[in-house]
Amino acid sequence: MWGRLGALLQQVVEPRESAQDLLQSFIHHWKGVTQYYLETTDESCPARNTDIPWRLRQLLDILVYEENECGNRENPEDVNGSGGVDHTGPCMEYLLQHKILETLCTLAKAEYPPGMRQQVLVFFSRLLTKVQRPLLHYINVHRPVQKLVALGGDAVGVTAHKEELQFLISICSKLEKDPSLFCHILESENVKAAISAANEEEGAAGSSRQKPKQSLFKALLRLCLCQSQTGRLAVRAREALLGVLRAAQQEGPARLIAQSDLRQQVAQRLCELHNQIPLSTHPCDITATDGTDWRTEVSSEEYNAMSPEVSAVRRFLCWVEYCNCLLKESHEVISVTMADSITEHYLRSILQEELLHVSELRILRSTALLSAVLHRLNPSPLTQRLVIFLLGEDRGPETRGDSTPQLRAQLIQRCNHLSDEISLTTLRLFEDILQFPEEICMYSLVLRNLESRGYLSAVHEESRAQDSEAFEGTDELEEDPYFTDGFPDTGLRLHNGNQDGGTGSSGTEQSVRSFLSLVPEEMKSSDSGFDTYLQDALVQYRSCSQRASSWGWPVSPQPPSAGHPGQDEFYEGLFLQVLLDRLGSILDQPYEVNLQVTSLLTRIALFPHPHIQEYLLNPFINLAPGARTLFSVLVRVVADLAQRSQRVSNFQEMLLLIRRQLTGETPAEPLGHDTLCRGVVVLEEFCKELAAAACVTHQPLGI
């Protein structure tokens, strides 16, 4: 049955050998281990070249044989010896009473002979794995186990990562099978940690009652980041820790883990990996890093083949993904404490300082890292804390000039930074924030100042119908070739229900026409319609609607209410203010910035809140004095374009050339007025996107 029994059991121990003879053999081999230290004089001889490894194997084989024989005698039908054994055999009793495991720990700590720690780790691993009866509840087992765990952080002797990991995995396997053992492994660790903290406060850091050098979780997390030749060692350590947390779903074990140093160790390694990312790392090297997976960690050789920037970013993002997995799989008590620790030690102590820094390199690195982190987080206590960290908790209307909380205001203002690279990186960050499945993101950035509908004039309701009739009577829209036969044949059909700002599909058609006719024909570079944007808009709208389905948003506009006290005119809020300011400069900004600004505004417009759709997609509302909407800003941009285009000869031909360059039909080369022409192309396409958004947000069938 046990095919790897040592020479002693094969030749000396007969199947019917008495328990007394077995005990004598056990004692003989143990004395053989201790005798080595009395007789040897060569301190440089490695442990593997002595008879210690062989004698330790004999000790283990005898213990396994003894348990198996006891099990068969207790239950003759249980030939595998897996049945429960209610008492220990004489050899196991000897092991426990004579504190053999304590002695082995002492020998491992001394690392004499060289490599002894590896041999002890292997013995402990096999003992915990092969002996079926529970052992960790014995004080003479779990105390030396804790001591051996603590030795892993020492830099004494040869590296024993493989043996240490196997030892830790054997402990984790026992904890997974019997979570009640957590109290024997973690409770004393937690007590020692509390005593150590108290001693440090009293200035008694040298007390003998301090916390061990290394806890179980600290040891596992250290190996989780170990760079081995295959990478597999780190992955196995991560899987072992995750398995332990999955098993601890009862409140008792969960609270023990929550009180341990796990939360600090996880956050500490996140901080260390963040600080290892070179300051010179370009944002594109961070945001373009994909395919990271903590389960398929690359080897050290593969990391060495990468640039220092890319390898450091990959390690950091793999750890972020692993932390996210730990949070999702853990008991809520563990998850909350871990999220609190990451918030305190990483978000507030490291990331916030970098985000508020004046150095352009630090701003770019931290902003791009934040975007990458957002991509890798799923709903958990950490996502909620991250949103509060970025945006604050205030749900009241903003006032003009308000710059609290500081981080929120700073990030929003950087969307309109002097550095186009900082602006672009920050705009991308907010696009990621708006895709986060937390209602506070949309509320804090967009809805806070739209709830009162303060952008409407007092006569809005009376004049709305008149404006609609007047709009329908214009010849310009009736002659629009895209609407001679209704909407393009895209499969979309509109309900005939009433909508604010128009009636049914008629009001929707008016909104769509308004956006499509905004740019005059002589200033257009393409004669294509907006139907190419409809399908994308429909997909995004469905996604936004699904995300917001649990947020309790109204289905129709709420009655207008008084504005913010002390505020004479409507204020759209800092985020919309910056975006609309950026949109107003579309003719003078880099092409990439324009694309990002218009993408953000389109994404916001597709959220199914009636006030958002009214403010961003309804051209017919009467504005309160001093108020502006997306459509009114576009009107001013087009008016500015009409004047500037007259000063450029062959303006439309230049527009056509620029469009061909942007689509890759012709090679890019300076033509003069490039920024202006690219801005016009973006403006033209943005109006089509808004037309598609206005179409799909008015209750298309199939949503």
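The values are calculated or read from the model by the stated rules, or taken from the named source; none is laboratory data. For clarity, every value in this text was computed on a predicted model and none was experimentally measured. Ideal geometry is used to build each Cβ from the backbone, glycine not excepted, and the neighbour counts take in all protein chains shown. Only protein heavy atoms, including side chains, enter the accessible area calculation; ligands, DNA and RNA are left aside. Shrake-Rupley method; radii C 1.70, N 1.55, O 1.52, S 1.80 Å.
Look at the range 326-350: where a residue is under 28 Å from R408 (Cβ atoms) and a partner is part of a loop (DSSP other than H, G, I, E, B), sitting 6+ places away or on another chain with Cβ atoms under 6 Å, you get L327/S380; K328/S380. P608 fulfils the conditions (1) in a loop (DSSP other than H, G, I, E, B); (2) within 15 Å of L580 (Cβ to Cβ) except for a single criterion, (2).
Being under 30 Å from L326 (Cα atoms), within 23 Å of the chain's Cα centre (by Cα) and crowded, with 21+ Cβ neighbours inside 10 Å is a description that applies to R365.
Considering the range 79-98, and only residues there that are at pLDDT 80 or above and not in a helix (DSSP H, G or I), the residue that is surrounded by the fewest Cβ atoms within 10 Å (Cβ to Cβ) turns out to be H98. Residues in the range 200-229 that are at pLDDT below 55 and either of a type in the set (A, V, I, L, M) or buried (at least 16 other Cβ atoms within 10 Å of the Cβ) (or both): 5 in all.
Based on what the data block shows, is S180 under 32 Å from the mean Cα position of the chain (by Cα), modelled with pLDDT under 95 and surrounded by fewer than 21 Cβ atoms within 10 Å (Cβ to Cβ)? Yes, satisfied.
When T289, T337 are screened for being β-branched (V, I, T) and either modelled with pLDDT under 95 or not in a helix (DSSP H, G or I) (or both), only T289 passes. Of all the listed residues (Y541, Y533, Y571), the sole one being open to solvent by less than 60 Å² (accessible area, probe 1.4 Å), assigned to a helix (DSSP H, G or I), farther than 16 Å from Q613 by Cα and hydroxyl-bearing (S, T, Y) is Y533. Among the residues of the range 611-641, count how many are part of a loop (DSSP other than H, G, I, E, B) and not aliphatic (A, V, I, L, M). Number satisfying all stated conditions: 8.
Would you say S505 is at pLDDT below 85, surrounded by 18 or more Cβ atoms within 10 Å (Cβ to Cβ) and either aliphatic (A, V, I, L, M) or not in a strand (DSSP E or B) (or both)? Taking the combined requirement at face value, the residue satisfies it. Counting only residues that are touching a Ser or Thr at 6+ places or on another chain (Cβ under 6 Å), within 26 Å of N304 (Cβ to Cβ) and open to solvent by 20 Å² or more (accessible area, probe 1.4 Å), the range 230-279 holds 1 of them.
Within the range 41-69, which residues are open to solvent by 20 Å² or more (accessible area, probe 1.4 Å), touching a Gly at 6+ places or on another chain (Cβ under 7 Å) and over 16 Å from F123 (Cα atoms)? Answer for the range 41-69, where residues must be open to solvent by 20 Å² or more (accessible area, probe 1.4 Å), touching a Gly at 6+ places or on another chain (Cβ under 7 Å) and over 16 Å from F123 (Cα atoms): P46, E67.
For the range 99-122, residues that are surrounded by fewer than 17 Cβ atoms within 10 Å (Cβ to Cβ) and on the phi > 0 side of the Ramachandran plot total 1. Across the range 650-676, the qualifying residues are those that are part of a helix (DSSP H, G or I) and free of Cβ contacts under 8 Å to residues at least 24 places away in the same chain, and the one among them that is surrounded by the fewest Cβ atoms within 10 Å (Cβ to Cβ) is E653. Within the range 298-316, residues that are closer than 26 Å to Y346 by Cα reach partners that are exposed (fewer than 12 other Cβ atoms within 10 Å of the Cβ) and modelled with pLDDT of 85 or more with beta carbons closer than 9 Å, at six or more positions or on different chains, in the pairs E309/S280.
Against the condition under 20 Å from R513 (Cα atoms) and open to solvent by 10 Å² or more (accessible area, probe 1.4 Å), how does S632 come out, does it pass? Criteria met by S632.
Given F651, F620, F607, which one is among the aromatic types (F, W, Y) and touching a Phe, Trp or Tyr at 6+ places or on another chain (Cβ under 8 Å)? The unique qualifying residue is F620.
With the structure loaded, tell me whether S307 is modelled with pLDDT of 90 or more and either surrounded by 20 or more Cβ atoms within 10 Å (Cβ to Cβ) or within 25 Å of L424 (Cβ to Cβ) (or both) or whether it fails that test. For S307, the condition - modelled with pLDDT of 90 or more and either surrounded by 20 or more Cβ atoms within 10 Å (Cβ to Cβ) or within 25 Å of L424 (Cβ to Cβ) (or both) - is not met.
Scanning the range 283-304 for residues that are over 18 Å from the mean Cα position of the chain (by Cα) and open to solvent by 80 Å² or more (accessible area, probe 1.4 Å) turns up E301, E302, N304.
Across the range 401-444, the qualifying residues are those that are closer than 22 Å to L361 by Cβ and of a type in the set (V, I, T), and the one among them that is surrounded by the fewest Cβ atoms within 10 Å (Cβ to Cβ) is I422. When the range 100-133 is filtered for residues that are closer than 23 Å to V64 by Cα and part of a loop (DSSP other than H, G, I, E, B), the ones remaining, listed by number, are V131, Q132, R133.
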